[in-house]
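Visitor: Quick one: the structure is below, and I'll ask about it shortly.
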C-alpha cells in the first residue's frame, strides 16, 4: 500500500499517524513537492485535485486525507477507530468535516502563509482559528477525546493542524484542554511525530 | 425525527433533499435565523457551533450536514446511498470533504456575501469557485454521478451550493457537465427543490 507523501504536510501526517497507531504498514513514496511533481503525470492522473496525500492500495486510489482515514480504518483498523453504527459513525464524521473545513482553513492555512509563503489572507486564517479553537477547547474540557470517549480517526484528522498552529503564529496558550489532548495523543502506543509536532 | 431547519440554507437543503429522495420522514422545525434563535438556548446547547441544520433522532443529536447525511443513509437509507465496503465508503467521503471545504468556501460563501451580506472576502470565494468547479465539471464529463456511478449522498452534499452558485454571481455557463448533472438530480424520484434551485 503506497502513500504519496510529503513529510511537512499535516494532511499526509494524518495518514502516517493513524497508520502507525493502528499498526497498518504503509510504503511511503516521497513526492518532490517544490518541483511540482504532484501537479503533473503520473500523480495528477491519480489525483486531479493536484494535492497530497494520495493512497494507492490494490487498485483503489484515494485523494483527501479524511477519506483515506475512513478507508484505512474501515478496511484495516477495526471498529474501535471508526464504528459502523450510524450514530457513532456520524459522530466521527462531524469531526472529519471540521478537519476539512474549519481546521484546514484556520490554523492549517495560517501555517501555509507563515511557513510556505502562500498568498492567503492571514487575517482571515486568524479569525477562523479564533472561532474554532475555543469550541474545540470547550469540547475537550468535557471529553478526553473528540468522539466516542476514545481515540478515533476524528482525533487523527483534527490534531495535526491544531498541534502545528504555532507554526502559523496561532498560539495554543489559552487552550489548555487542547494542549492536554495533544499530550494524550502523544502517549498513545505507536504514536509518531512530525516536524513541528 | 426533528430537523432544525432554515429554508434558505443550502446545508439544511442537503438534508431535506436526501430525506425526500430516500423516503425518510423528517419533522421540520423552522428556526428564526434572523433573530439568532440558533445562537442561544436551547439550540446552542444542541449545537455549540451555532449553526444549522441540527438533527435530533431518538436521543442522537448531530450538527454538520455531511454527518447528518451519513447518519440518515446508514440508519435509514440503505447501502445504495452510502456503501459499507471501505473503498466505496471512502469514495463517497472524498466528496463529503469537498462539500465541507471547497464548495462551502467557494460558491457557498460567494452566495453568503451577495444574498445575505456576510463580511467575507468575495474575491477569495470567486477564486476558490474557479479552482473547484472545473475539477468537478471535468469529473462529470466522465461520470454521470460524483461517486460509484450512481446517486449517493455525495451528490446530495455537493449539488446544493453548486446549483445555488449563480446567487453568488458564480456562473455555471461554462460548466455544461455540472448543469447536466444538476438536471439529472432534478429527475430523481422524490426530488424536492429549494428557492434558487
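The values are calculated or read from the model by the stated rules, or taken from the named source; none is laboratory data. Computed from a predicted structure; not experimentally measured. As a convention, Cβ positions derive from the backbone with ideal geometry for all residues, glycine included, and neighbour counts pool all protein chains shown.
Visitor: Restricting attention to segment B:3-11, does a residue exist that is in a loop (DSSP other than H, G, I, E, B), more than 13 Å from chain A (Cβ to nearest Cβ), at negative phi and over 18 Å from the mean Cα position of the chain (by Cα)? Please lay out each step first, then the result.
Guide: To start, the set of residues in segment B:3-11 that are in a loop (DSSP other than H, G, I, E, B) comprises B:6-9.
Filter again for more than 13 Å from chain A (Cβ to nearest Cβ), leaving B:6-9.
Among the residues that remain, those that are also at negative phi are: B:6-9.
Pick out the ones that are also over 18 Å from the mean Cα position of the chain (by Cα) and you get none.
No, segment B:3-11 has no match at all.
Visitor: May I pose another question? Check A:182, A:153 and return the single one that is without any contact (Cβ under 8 Å) to a residue 24 or more places away in the chain, under 29 Å from residue A:84 (Cβ atoms) and in contact with a helix residue (DSSP H, G or I) (Cβ under 7 Å, 6 or more places away or on another chain).
Guide: A:182
Visitor: Any residue in segment A:104-133 that is within 13 Å of another protein chain (Cβ to nearest Cβ) and assigned to a loop (DSSP other than H, G, I, E, B) sitting within a Cβ distance under 7 Å of a residue that is surrounded by 16 or more Cβ atoms within 10 Å (Cβ to Cβ) and modelled with pLDDT of 95 or more? List the pairs, counting only those 6 or more apart or interchain.
Guide: As it stands, the answer is A:118/A:112; A:120/A:109; A:120/A:112; A:120/A:113; A:121/B:124, since those pairs meet every condition given.
Visitor: Within segment B:62-79, restricting attention to residues that are part of a helix (DSSP H, G or I) and more than 16 Å from residue A:91 (Cα to Cα), which residue is nearest to the chain's Cα centre (by Cα)? Break it down stepwise before answering.
Guide: Within segment B:62-79, the first condition is being part of a helix (DSSP H, G or I), and the residues that meet it are B:65-77.
Filter once more, keeping what is more than 16 Å from residue A:91 (Cα to Cα): B:76-77.
Details: B:76: 18, B:77: 17 Å.
Among them, the one singled out is B:77.
Visitor: Condition first: within 14 Å of chain A (Cβ to nearest Cβ) and more than 26 Å from residue B:190 (Cβ to Cβ). Now tell me which residues in segment B:20-49 satisfy that.
Guide: The answer is B:39, B:44, B:45, B:46, B:47, B:48, B:49.
Visitor: Mind telling me which of the residues A:21, A:28 ends up being under 16 Å from the mean Cα position of the chain (by Cα) and surrounded by 14 or more Cβ atoms within 10 Å (Cβ to Cβ)?
Guide: The unique qualifying residue is A:21.
Visitor: Determine whether residue A:107 is out of contact with any strand residue (DSSP E or B) (no Cβ under 8 Å at 6 or more places or on another chain) and crowded, with 24+ Cβ neighbours inside 10 Å.
Guide: Spelling it out, residue A:107 is indeed out of contact with any strand residue (DSSP E or B) (no Cβ under 8 Å at 6 or more places or on another chain) and crowded, with 24+ Cβ neighbours inside 10 Å.
Visitor: Any chance you could count how many residues in segment B:50-79 are facing chain A (nearest Cβ under 7 Å) and farther than 14 Å from residue B:12 by Cβ?
Guide: Counting residues in segment B:50-79 that are facing chain A (nearest Cβ under 7 Å) and farther than 14 Å from residue B:12 by Cβ gives 5.
Visitor: Do you know which residues across segment A:80-89 are without any contact (Cβ under 8 Å) to a residue 12 or more places away in the chain and either more than 18 Å from the chain's Cα centre (by Cα) or more than 7 Å from chain B (Cβ to nearest Cβ) (or both)?
Guide: Within segment A:80-89, A:84, A:85, A:86, A:87 meet the criteria.
Visitor: Let me ask something additional. I'm trying to understand the selection: among the residues of segment A:12-39, which are assigned to a loop (DSSP other than H, G, I, E, B), in contact with a helix residue (DSSP H, G or I) (Cβ under 7 Å, 6 or more places away or on another chain) and within 20 Å of residue B:135 (Cβ to Cβ)?
Guide: A:31
Visitor: Looking at segment B:53-60, is at least one residue under 15 Å from the mean Cα position of the chain (by Cα) and not in a loop (DSSP other than H, G, I, E, B)?
Guide: yes
Visitor: Does residue A:42 satisfy the criteria of being without any contact (Cβ under 8 Å) to a residue 60 or more places away in the chain and in contact with a helix residue (DSSP H, G or I) (Cβ under 6 Å, 6 or more places away or on another chain)?
Guide: Taking the combined requirement at face value, the residue does not satisfy it.
Visitor: Would you tally the residues in segment B:137-154 being surrounded by fewer than 21 Cβ atoms within 10 Å (Cβ to Cβ), within 19 Å of the chain's Cα centre (by Cα) and either in a helix (DSSP H, G or I) or within 11 Å of chain A (Cβ to nearest Cβ) (or both)?
Guide: 3
Visitor: State yes or no: is residue B:99 out of contact with any strand residue (DSSP E or B) (no Cβ under 9 Å at 6 or more places or on another chain), crowded, with 24+ Cβ neighbours inside 10 Å, facing another protein chain (nearest Cβ under 7 Å) and at negative phi? Don't jump to the end; show me each part of the working.
Guide: Numbers: out of contact with any strand residue (DSSP E or B) (no Cβ under 9 Å at 6 or more places or on another chain): yes; crowded, with 24+ Cβ neighbours inside 10 Å: yes; facing another protein chain (nearest Cβ under 7 Å): no; at negative phi: yes.
No; evaluated as a whole, the condition is false for this residue.
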